[in-house]
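Visitor: Got a structure here, written out as structure tokens. Questions coming.
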2 protein chains.
Amino acid sequence: MRSITVDLGERSYPILIGSGLLQGIGERCREAGLPLRSPLLVVSDSEVAPRYLGVVEASLRGQGYTVASHVIPSGEASKSLAVYEEVITTAIQAGLDRSSAVLALGGGVVGDLAGYVAATYMRGIGFVQIPTTILAHDSSVGGKVAVNHPLAKNMIGAFYQPSMVLYDLDTLRTLPPREVSSGLAEVVKHGLILDKEFAYWCREHASELLALDAEALGYALERGCAIKARVVGTDERENGLRAILNLGHTIGHAIEAVGGYGVFLHGEAISIGMAGSALLAAKLGRDHSIYEDTVSMLSALSLPVRLPAAYSEDELMEAMMHDKKFKEGKMTFIVPDSIGAVSIVNDVQQSDVREVIAQLKKEGSPW
Amino acid sequence: MRSITVDLGERSYPILIGSGLLQGIGERCREAGLPLRSPLLVVSDSEVAPRYLGVVEASLRGQGYTVASHVIPSGEASKSLAVYEEVITTAIQAGLDRSSAVLALGGGVVGDLAGYVAATYMRGIGFVQIPTTILAHDSSVGGKVAVNHPLAKNMIGAFYQPSMVLYDLDTLRTLPPREVSSGLAEVVKHGLILDKEFAYWCREHASELLALDAEALGYALERGCAIKARVVGTDERENGLRAILNLGHTIGHAIEAVGGYGVFLHGEAISIGMAGSALLAAKLGRDHSIYEDTVSMLSALSLPVRLPAAYSEDELMEAMMHDKKFKEGKMTFIVPDSIGAVSIVNDVQQSDVREVIAQLKKEGSPW
């Protein structure tokens with residue numbers, strides 16, 4: 001088993017990565033000090049629950065816990081205030097008290113929603129992340145929890161750290177190939193922002209990663225989580241450095257908003273966004289090889305790097321102006337300086353962003 | 001002008017109490033470092049907005065701020081997730097960004113709702129409390145923000161500290177007499193839990209307080225806020241000591257839930273709850289004079305100390321079992337040991353609570 005610590009003083013917590021962790025979750029909760037008399041709530045979704053909810057509940061009940069569960073429909077549409085309120089209702093009816101915990105069993109949607117429930121139920125109760133996708137290696141670490149508003153993604157949320165993250169590699173075996181690639185987009189992103197060697201390692205080992213080779217995947221998740229943990233440990237509430245984690249996300253979120261959630265998977269949209277950031281870098285005077293290397297890494301992981309012609313530039317620009325990263329009305333982008341190093345650029349011209357979008361659309365099919 | 005500091009390390013903030021503060025709020029926001037380029041949102045209610053919103057907006061605009069406002073219907077029913085979502089929508093449409101702030105202009109409902117918006121909009125933005133009721137001297141200090149769930153009050157919320165509290169005594173002049181007494185219930189509560197001298201001072205100066213004498217009221221609010229600030233500074237997230245602020249609230253919340261919000265005002269319900277806590281104290285062996293003195297203090301402030309016969313014991317008990325203070329299924333009460341000193345008692349018998357409720361109902365009309 002691999003173990004990483006997210007270092008946040010009294011809010012520090014471990015990330016455990018390995019096989020067979022689901023079966024031991026009851027024991028981990030005991031060790032973490034969750035009291036037996038307070039009910040636990042497992043939140044999962046309609047894809048994940050049939051496979052793994054039973055194992056998790058059995059493990060918790062085997063240790064003597066009272067367990068309730070709430071299964072949400074799979075997909076981004078469940079990250080709404082309406083579904084949030086339903087989960088809160090389940091929590092009240094199950095008798096969760098201030099010593100209880102919410103366990104998020106699923107991908108990013110489940111983690112974000114369940115985390116926001118944990119952050120706000122009775123002003124904050126315990127929270128355990130049990131990610132079941134590769135993508136969630138990113139969202140489950142760092143304490144960003146949220147639901148969407150019809151006008152903008154992740155607009156309603158909190159910074160709320162889990163007390164632990166349990167990453168059972170066995171749950172990744174059933175992921176469809178597009179989900180695997182989507183998750184690897186955030187893995188390679190961690191290399192692109194801070195770890196040149198790891199970024200090239202991902203390109204070199206792309207076929208093993210796509211084949212879910214346990215050794216390669218365990219290593220990639222450990223290294224990706226470690227980079228994320230380092231950034232979050234330095235800047236928990238995104239006052240500075242943490243913004244670099246948003247590489248590719250401004251364009252990516254706009255693609256998701258305009259295309260409708262689910263047309264591109266999150267990692268796919270971010271992949272196109274990272275290709276766009278590399279184009280922006282060239283426009284701002286950085287070496288054009290950054291774009292070529294970025295695209296070759298993303299393509300090796302079967303990720304899209306171009307935008308379908310149907311996407312409207314006006315709609316994408318409009319969606320970006322709603323993006324919360326535009327502090328005080330300026331357009332801010334994370335721009336690569338080289339592979340493994342980025343800058344936060346606060347005064348990006350809208351015209352440059354428009355040109356980047358046009359370029360992303362020029363070059364044919366997304367993949 | 002009187003000034004108190006809530007000491008919470010890097011989250012410390014000042015409480016300013018005085019006359020004519022509304023007119024200077026724009027300047028205070030500049031001094032506090034709120035940037036002019038980020039829009040501000042003033043949340044107020046249908047009672048307060050017609051009187052004071054114009055002054056506040058003019059003061060802010062006079063300093064160069066862009067100001068949006070959202071006026072909610074007056075009353076507890078506005079502390080809902082539905083109204084919360086409407087305020088969030090206004091904030092998005094007004095273009096609030098991560099450097100913006102929400103200003104709560106009103107009583108406890110406005111402060112709790114607007115504070116929860118500030119706590120969760122883009123994972124937390126600036127927050128300024130401008131209480132316009134006596135009751136809000138309590139809710140505006142200490143960072144508890146929340147909305148209600150249909151099944152239980154304040155079930156959804158956060159700990160989120162304001163960056164300042166501006167208490168303009170002029171806004172209290174228009175309060176109806178029942179609202180004045182309701183607010184004074186929380187003032188005298190601060191004496192009852194930690195400051196014997198102040199509790200008896202409130203009884204002695206009850207007529208000046210009820211007449212809104214500026215000197216007496218300014219002193220009482222300063223001392224009440226100072227006690228609250230001291231408790232919150234010791235235990236921000238209610239892991240221990242802070243629970244003593246809930247004197248009278250377990251029964252009080254149940255009265256509000258069963259009777260419907262608005263039958264009794266919050267301070268009135270808490271007053272009956274404090275009388276109940278004093279009865280419970282006698283039942284647990286404390287001196288019966290605690291009850292007599294408590295009731296004489298509350299009565300001097302024109303507060304109710306008895307429960308109408310129509311209230312069902314079963315319904316009150318059921319409502320209390322939903323109360324978030326019952327950690328791990330036990331019934332916890334704040335019980336006076338003497339005037340000015342209380343204990344947190346974790347193993348109160350349900351049968352004793354039932355008897356207290358019956359006693360509260362035995363003695364005739366509430367006032």
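Visitor: Points 7 angstrom from Cα along the Cβ direction at A:W367 and A:S338: gap in nanometres?
Guide: Each label point lies 7 Å from its Cα, and together they span 3.4 nm.
Visitor: Could I ask something else about it? If I take every Cα pair under 8 Å that is 6 or more residues apart in chain B, average their sequence separation and divide by the length, what percent do I get for the relative contact order?
Guide: 15
Visitor: What per residue convex hull volume, in Å³, comes out for region A:86-187 when only alpha-carbon positions are used?
Guide: Residue-normalised Cα hull volume stands at 112 Å³.
Visitor: Please turn the phi angles of region A:203-213 into ³J(HN,Hα) values with the Karplus equation 6.51 cos²θ - 1.76 cosθ + 1.60 (θ = phi - 60°), one per residue in order, whole Hz, x for glycine and proline.
Guide: 5, 5, 9, 4, 5, 5, 5, 5, 8, 6, 4
Visitor: Here's something else I'd like to know. Counting other C-beta atoms within 10 Å, which of A:Y311, A:Y167, A:Y52 has the fewest, and how do the rest follow?
Guide: Details: A:Y311 17, A:Y167 27, A:Y52 21.
The most exposed by this proxy come first: A:Y311, A:Y52, A:Y167.
Visitor: So, one more: Using a 7 Å offset from Cα along the direction of the beta-carbon, what are the separations from A:H288 to the same position in each other copy, nm, ascending?
Guide: 9.6
Visitor: What is the Cα radius of gyration of region A:177-362 over 2.2 N^0.38 Å, N being its residue count?
Guide: Computed over Cα atoms of region A:177-362, the ratio equals 0.96.
Visitor: Would you mind calculating the relative contact order of region B:177-362 from Cα pairs under 8 angstrom and at least 6 residues apart, reporting the percent as a whole number? Before the final figure, lay out the partial values.
Guide: Values: 282 pairs, mean separation 52.5, N = 186.
Value for region B:177-362: 28 percent.
Visitor: Per residue, what volume in Å³ does the Cα convex hull of region A:2-173 take up?
Guide: Dividing the Cα hull volume of region A:2-173 by its residues yields 101 Å³.
Visitor: OK, next. How big is Rg to Rh over region B:33-89, alpha-carbon atoms, Rh as the Kirkwood inverse-mean-distance radius? Before the final figure, lay out each step's value.
Guide: Numbers: Rg = 12.6 Å, Rh = 12.3 Å.
Rg/Rh: 1.02.
Visitor: Identify the residues of region A:167-203 with backbone N under 18 Å of a label point that sits 7 angstrom from the Cα of A:R230 along the Cα-to-Cβ direction, or state none.
Guide: Answer for region A:167-203: A:186-203.
Visitor: Next question, about the same structure. For region B:137-263, compute Rg over Rh where Rg is the Cα radius of gyration and Rh is the Kirkwood radius from the inverse mean 1/r over Cα pairs.
Guide: Working: Rg = 15.1 Å, Rh = 15.8 Å.
We get a ratio of 0.96 for region B:137-263.
Visitor: Just the Kirkwood number for chain A, please: inverse of mean 1/r across all distinct Cα pairs, in Å, one decimal. Mind dumping the intermediate values first?
Guide: Details: mean 1/r = 0.0485 Å⁻¹.
Hydrodynamic radius (Kirkwood, Cα only) of chain A equals 20.6 Å.
Visitor: Residue by residue through B:110-120, how many Cβ atoms from other chains fall within 10 Å of the Cβ on average?
Guide: 2
Visitor: Still on this model: Calculate the mean, over all residues of peptide A:35-46, of how many other protein chain Cβ atoms lie within 10 angstrom of the residue's Cβ.
Guide: What the average comes to for A:35-46 is 1.
Visitor: Let me ask something additional. In nm, what is the difference between 0.36 nm times the number of residues separating A:T174 and A:N239 and their Cα-Cα distance?
Guide: That pair, A:T174 and A:N239, stretches by 19.7 nm at full extension.
Visitor: Further question on the same structure: At B:A358, with labels set 7 Å past Cα in the Cβ direction, how many nm apart are the copies from this one, shortest first?
Guide: Distances between equivalent label points, in nm: 8.4.
Visitor: Using the Kirkwood radius over Cα pairs, work out the Stokes-Einstein diffusion coefficient for the protein assembly as shown at 25 °C and 0.890 mPa s, in µm²/s as a whole number.
Guide: 90
Visitor: Could you tell me the calculated FRET efficiency between B:S19 and B:T89, based on Cβ-Cβ distance and R0 = 41 angstrom, to the nearest 0.05? Please list the in-between numbers first.
Guide: On the way: r = 36 Å, r/R0 = 0.87.
Using R0 = 41 Å, I get an efficiency of 0.70.
Visitor: Another question, then. Would you look at the GNM of chain B, springs on alpha carbons closer than 10 Å, and say which of B:G18, B:G285, B:G106 moves the most?
Guide: Answer for the Gaussian network model of chain B: B:G285.
Visitor: While we're on this one: Please tell me which of these pairs span more than 30 angstrom C-alpha to C-alpha: A:K153/A:K361; A:K79/A:K283; A:K153/A:K283; A:K153/B:K144; A:K153/B:K79; A:K79/A:K196?
Guide: Flagged as over cut-off: A:K79/A:K283; A:K79/A:K196.
Visitor: Right, here's the next one. What is the average number of partner chain Cβ atoms found within 10 Å of a Cβ in B:76-84?
Guide: Mean partner shielding for this stretch: 1.
Visitor: For A:P73, place a label point 7 Å from Cα along the Cα-to-Cβ direction in every copy; what are the distances to the other copies, in nm, shortest first?
Guide: Copy-to-copy label distances at A:P73, shortest first: 2.9 nm.
No value in this document is a laboratory result; all are computed from the given coordinates. What you see is a predicted model, and the numbers here were worked out from it, not measured in a lab. Backbone-built Cβ (ideal geometry, glycine too); neighbour counts: all protein chains shown.
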